[in-house]
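Note sheet for the following structure.
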Amino acid sequence: MNKNDIAKIFEGIHRQHVVVVGDVMLDNYWWGEVERISPEAPVPIVALKRRESRLGGAANVALNCRTLGAEVTLASVLGDDSDGKILTQLANEAGINTDLLLYSRNRATTTKTRVISRNQQMMRLDNEMNDELYVDEEHPFIDMVLRYLQRVKPDVLIFEDYNKGVLKENVIKRITAHCREIGIIVAVDPKKKNFLTYQDVTIFKPNLIEVREGLHVNLPEINTKELDKIHEKLKESLQHEVTFITLSEKGVYYNNSASSSIIPTHIRNISDVSGAGDTVIATASLVYAITKDAGLMAEISNIAGGLVCEEVGVVPIRKELLEKECERLLA
């Protein structure tokens with residue numbers, strides 16, 4: 001590849017429209033300093049200096065797509081509560097279309113509050129419910145999304161599954177079937193519960209833990225030969241097009257049934273791996289939509305995932321930084 005080829009890919013992202021469907025979260029960060037231990041219990045006292053809220057889960061995937069330059073619509077069911085309002089406001093401020101957010105009095109908006117001192121996470125407080133959508137939420141949500149897909153016909157749909165209940169089997173199957181019918185690329189970041197429900201998708205992107213849990217396999221050796229076997233096993237159940245597995249510090253693996261490879265990670269100063277998977281699925285989906293090249297998709301999204309690990313907390317990829325790094329490493 002040369003710099004012109006890379007530039008064309010990043011220019012092409014601006015013409016892509018992505019719909020992200022899944023479990024949204026609000027990531028709260030409480031930053032402070034520890035100077036003493038509590039007299040009430042052997043725990044540190046954190047003197048809070050700053051609070052910040054960021055988009056998490058499927059909303060972070062949407063934010064990554066947006067910061068890369070794509071048009072983005074976010075689809076989810078969240079709580080009709082103050083956290084849900086904050087999340088919606090943050091999405092709107094980021095330029096993400098929130099027309100497909102459904103608010104439910106039966107649910108709480110998932111929040112994760114991280115207490116951080118001197119760039120070290122000391123504690124995380126989670127407020128969430130993992131119940132599946134009720135029928136009176138499920139059917140309006142499906143109908144709303146299908147009508148939108150039929151009317152707008154976006155280029156890519158990403159399922160971002162965090163096992164929080166939005167992506168029920170019926171939601172997954174009906175939306176996937178409609179995407180295939182009208183020619184929309186479908187990418188999936190799965191979790192254990194619905195692992196083998198995502199049939200007939202374009203890109204299936206689990207990590208190693210999810211592969212082991214979802215297929216009930218050991219995978220003692222991480223090499224191309226063993227991962228090729230995993231691809232074949234997945235293909236038998238899912239009939240998907242591209243297997244894309246993130247391998248943590250070992251890099252990423254892809255297989256499109258014509259070629260396969262492990263792409264090693266690039267040496268980084270790792271600060272925080274939170275949100276790296278969100279960045280990888282967002283980048284991979286957009287690059288594949290433009291190029292239809294699984295190898296190039298894996299190369300660029302591998303670089304993107306490494307870059308966000310250098311930041312503290314859940315942060316989106318910066319397009320200019322990623323493009324510059326791709327030029328350095330791939331051109």
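For segment 72-90, which residues satisfy the criterion of being closer than 22 Å to Ile142 by Cβ and outside any helix (DSSP H, G or I)? Give the steps one after another, and end with the answer.
Just the residues of segment 72-90 that are closer than 22 Å to Ile142 by Cβ, to begin with: 72-80, 84, 87-88.
Selection gives Val72, Thr73, Leu74, Ala75, Ser76, Val77, Leu78, Gly79, Asp80.
Among the residues of segment 228-250, those identified as under 22 Å from the mean Cα position of the chain (by Cα) and polar (S, T, N, Q) are Gln239, Thr243, Thr246, Ser248. If the condition is being in contact (Cβ under 8 Å) with a residue 12 or more places away in the chain and open to solvent by 60 Å² or more (accessible area, probe 1.4 Å), then segment 126-139 contributes Asp126, Asn127, Glu128, Asn130, Asp131, Glu132, Tyr134.
Put simply, of Asn28, Asn64 the only residue that is within 30 Å of Lys193 (Cβ to Cβ), of a type outside the set (Phe, Trp, Tyr) and surrounded by 24 or more Cβ atoms within 10 Å (Cβ to Cβ) is Asn64.
Among the residues of segment 93-102, not a single one is modelled with pLDDT of 95 or more, closer than 13 Å to Met25 by Cβ, assigned to a strand (DSSP E or B) and of a type in the set (Ser, Thr, Tyr).
Quick one: in segment 167-209, which of the residues that are assigned to a helix (DSSP H, G or I) and in contact with a helix residue (DSSP H, G or I) (Cβ under 8 Å, 6 or more places away or on another chain) is surrounded by the fewest Cβ atoms within 10 Å (Cβ to Cβ)? Out of the qualifying residues, it is Ile182. Check Pro44 against each of (1) within 25 Å of Gly79 (Cβ to Cβ); (2) surrounded by 15 or more Cβ atoms within 10 Å (Cβ to Cβ) and name the one condition it does not meet. With respect to (1) within 25 Å of Gly79 (Cβ to Cβ); (2) surrounded by 15 or more Cβ atoms within 10 Å (Cβ to Cβ), Pro44 is out only on (1). Applying a threshold of 7 Å to beta carbon distances and a minimum spacing of six or more residues, or different chains, the list of pairs starting in segment 55-74 at a residue that is free of Cβ contacts under 8 Å to residues at least 12 places away in the same chain and ending at one that is surrounded by 24 or more Cβ atoms within 10 Å (Cβ to Cβ) is empty. Can you tell me which residue is nearest to Gly295 (Cα to Cα) among those in segment 226-259 that are modelled with pLDDT of 95 or more and surrounded by fewer than 13 Cβ atoms within 10 Å (Cβ to Cβ)? Top of the filtered list is Ser259.
Condition check ((1) touching a residue at least 12 places away in the same chain (Cβ under 8 Å); (2) touching a His at 6+ places or on another chain (Cβ under 6 Å); (3) farther than 30 Å from Thr291 by Cβ) across all residues:
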| site | (1), (2), (3) |
| --- | --- |
| Val20 | yes, no, no |
| Gly32 | yes, no, yes |
| Arg36 | no, no, yes |
| Ala41 | no, no, yes |
| Val46 | yes, no, yes |
| Arg50 | yes, no, yes |
| Gln89 | no, no, yes |
| Leu102 | yes, no, yes |
| Lys112 | yes, no, yes |
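The values are calculated or read from the model by the stated rules, or taken from the named source; none is laboratory data. Keep in mind that what you see is a predicted model, and the values were worked out from it rather than measured. FYI the Cβ positions are ideal-geometry reconstructions off the backbone, even for glycines, and counts take in every protein chain you see. Calculation scope for accessible area: heavy atoms of the full protein, side chains included, ligands and nucleic acids excluded. Shrake-Rupley method; radii C 1.70, N 1.55, O 1.52, S 1.80 Å.
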